Amino acid sequence: MPYGIQQPAVSAQILRLEEDLETVLFQRRPFRLTKAEEKLFSFIAPFFTQLDEVAAQIRGTVSKRFRLGASGPVLRNYVPAILPTLRPRAPKLRRRITETHQPEQEPSLPQNGIDCA
(Lines give C-alpha, C1' and ligand atoms only; values in the text may rest on other atoms or scores of the structure.)
Protein backbone atom coordinates (compact mmCIF):
# COMPACT_ATOMS: atom_id res chain seq x y z
CA MET A 1 0.00 0.00 0.00
CA PRO A 2 1.63 3.28 -1.04
CA TYR A 3 1.92 6.43 1.07
CA GLY A 4 2.11 4.64 4.43
CA ILE A 5 -1.63 4.00 4.69
CA GLN A 6 -2.35 1.34 7.29
CA GLN A 7 -4.72 -1.60 6.72
CA PRO A 8 -7.30 -0.52 9.36
CA ALA A 9 -7.67 2.86 7.64
CA VAL A 10 -8.17 1.19 4.26
CA SER A 11 -10.75 -1.21 5.72
CA ALA A 12 -12.63 1.69 7.31
CA GLN A 13 -12.72 3.56 4.00
CA ILE A 14 -13.98 0.48 2.15
CA LEU A 15 -16.74 0.00 4.71
CA ARG A 16 -17.68 3.68 4.41
CA LEU A 17 -17.76 3.44 0.61
CA GLU A 18 -19.97 0.35 0.81
CA GLU A 19 -22.26 2.21 3.18
CA ASP A 20 -22.44 5.23 0.86
CA LEU A 21 -23.14 3.01 -2.17
CA GLU A 22 -25.58 0.87 -0.17
CA THR A 23 -24.00 -2.32 -1.49
CA VAL A 24 -21.31 -4.86 -0.71
CA LEU A 25 -18.32 -4.48 -3.02
CA PHE A 26 -16.71 -7.84 -2.38
CA GLN A 27 -17.28 -11.04 -0.48
CA ARG A 28 -14.74 -11.33 2.32
CA ARG A 29 -14.49 -15.14 2.66
CA PRO A 30 -13.73 -16.47 0.18
CA PHE A 31 -12.58 -13.23 -1.42
CA ARG A 32 -14.61 -12.49 -4.54
CA LEU A 33 -15.62 -9.26 -6.26
CA THR A 34 -19.32 -8.58 -6.59
CA LYS A 35 -20.93 -7.24 -9.77
CA ALA A 36 -21.04 -3.80 -8.13
CA GLU A 37 -17.27 -3.82 -7.51
CA GLU A 38 -16.56 -4.98 -11.05
CA LYS A 39 -18.57 -2.03 -12.35
CA LEU A 40 -16.82 0.40 -9.96
CA PHE A 41 -13.38 -0.98 -10.86
CA SER A 42 -14.00 -0.63 -14.61
CA PHE A 43 -14.95 3.01 -13.95
CA ILE A 44 -11.86 3.92 -11.85
CA ALA A 45 -9.24 1.73 -13.61
CA PRO A 46 -8.35 4.38 -16.25
CA PHE A 47 -7.47 6.82 -13.46
CA PHE A 48 -4.97 4.44 -11.89
CA THR A 49 -3.48 3.15 -15.14
CA GLN A 50 -2.78 6.71 -16.34
CA LEU A 51 -1.52 8.10 -13.04
CA ASP A 52 2.19 7.66 -13.88
CA GLU A 53 1.79 9.56 -17.14
CA VAL A 54 -0.09 12.44 -15.52
CA ALA A 55 2.50 12.63 -12.73
CA ALA A 56 5.28 12.82 -15.32
CA GLN A 57 3.44 15.62 -17.14
CA ILE A 58 3.02 17.55 -13.88
CA ARG A 59 6.73 17.09 -13.06
CA GLY A 60 7.65 18.06 -16.62
CA THR A 61 9.52 14.79 -17.14
CA VAL A 62 9.08 11.87 -19.44
CA SER A 63 8.11 8.80 -17.49
CA LYS A 64 9.80 5.66 -18.70
CA ARG A 65 8.30 2.71 -16.95
CA PHE A 66 8.17 -1.03 -17.05
CA ARG A 67 5.29 -2.88 -15.42
CA LEU A 68 5.85 -6.61 -14.95
CA GLY A 69 3.23 -9.14 -13.88
CA ALA A 70 4.48 -12.59 -12.91
CA SER A 71 3.66 -15.53 -10.69
CA GLY A 72 5.12 -15.77 -7.19
CA PRO A 73 7.73 -18.42 -8.08
CA VAL A 74 8.94 -16.37 -11.06
CA LEU A 75 9.18 -13.24 -8.89
CA ARG A 76 11.14 -15.10 -6.21
CA ASN A 77 13.42 -17.23 -8.38
CA TYR A 78 14.12 -15.26 -11.57
CA VAL A 79 13.34 -11.57 -11.26
CA PRO A 80 15.96 -10.87 -8.53
CA ALA A 81 18.66 -12.09 -10.91
CA ILE A 82 17.39 -9.97 -13.81
CA LEU A 83 16.89 -6.62 -12.03
CA PRO A 84 20.59 -5.89 -11.35
CA THR A 85 21.37 -6.23 -15.07
CA LEU A 86 18.51 -3.89 -15.97
CA ARG A 87 19.45 -1.04 -13.61
CA PRO A 88 22.75 -0.01 -15.29
CA ARG A 89 21.12 -0.07 -18.73
CA ALA A 90 18.12 2.04 -17.67
CA PRO A 91 18.84 3.79 -14.36
CA LYS A 92 15.83 6.14 -14.61
CA LEU A 93 13.38 3.40 -15.55
CA ARG A 94 10.49 3.20 -13.11
CA ARG A 95 9.66 -0.41 -12.36
CA ARG A 96 6.45 -1.82 -10.93
CA ILE A 97 6.31 -5.53 -10.25
CA THR A 98 2.99 -7.20 -9.50
CA GLU A 99 2.32 -10.77 -8.48
CA THR A 100 -0.32 -12.31 -10.72
CA HIS A 101 -1.57 -15.82 -11.32
CA GLN A 102 -0.82 -17.40 -14.70
CA PRO A 103 -4.44 -17.42 -16.02
CA GLU A 104 -4.82 -13.71 -15.14
CA GLN A 105 -1.63 -12.50 -16.79
CA GLU A 106 -2.67 -12.15 -20.43
CA PRO A 107 -6.01 -10.42 -19.72
CA SER A 108 -4.19 -8.19 -17.21
CA LEU A 109 -1.97 -6.66 -19.85
CA PRO A 110 -4.43 -4.13 -21.24
CA GLN A 111 -6.85 -4.11 -18.31
CA ASN A 112 -4.48 -3.51 -15.38
CA GLY A 113 -1.67 -1.73 -17.11
CA ILE A 114 0.93 -4.50 -17.21
CA ASP A 115 3.54 -4.14 -19.96
CA CYS A 116 4.94 -7.66 -19.71
CA ALA A 117 3.75 -10.92 -18.17
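Pairs are defined by a Cβ separation below 6 Å, a sequence spacing of at least 6 or placement on different chains, a first member in the stretch 46-74 that is more than 18 Å from residue 99 (Cβ to Cβ), and a second member that is in a loop (DSSP other than H, G, I, E, B) and modelled with pLDDT of 75 or more; the pairs so defined are 64/93.
To keep it simple, each residue is scored yes or no on (1) assigned by TED's automatic domain parsing to the domain that holds residue 117; (2) surrounded by 10 or more Cβ atoms within 10 Å (Cβ to Cβ); (3) at negative phi; (4) of a type outside the set (Gly, Ala, Ser).
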position: 8; (1), (2), (3), (4): no, no, yes, yes
position: 13; (1), (2), (3), (4): no, yes, yes, yes
position: 23; (1), (2), (3), (4): no, yes, yes, yes
position: 65; (1), (2), (3), (4): yes, yes, yes, yes
position: 75; (1), (2), (3), (4): yes, yes, yes, yes
position: 85; (1), (2), (3), (4): yes, no, yes, yes
position: 88; (1), (2), (3), (4): yes, no, yes, yes
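The helices (runs of 4 or more DSSP H) found wholly in the stretch 1-101 and carrying at least 3 residues that are of a type outside the set (Gly, Ala, Ser) and more than 26 Å from residue 116 (Cα to Cα) occupy 7-21.
The values are calculated or read from the model by the stated rules, or taken from the named source; none is laboratory data. Only a predicted model underlies this, so the values are computations on that prediction, with no experimental measurement involved. Positions of Cβ are backbone-derived with ideal geometry, glycine not excepted, and every protein chain shown enters the neighbour counts.
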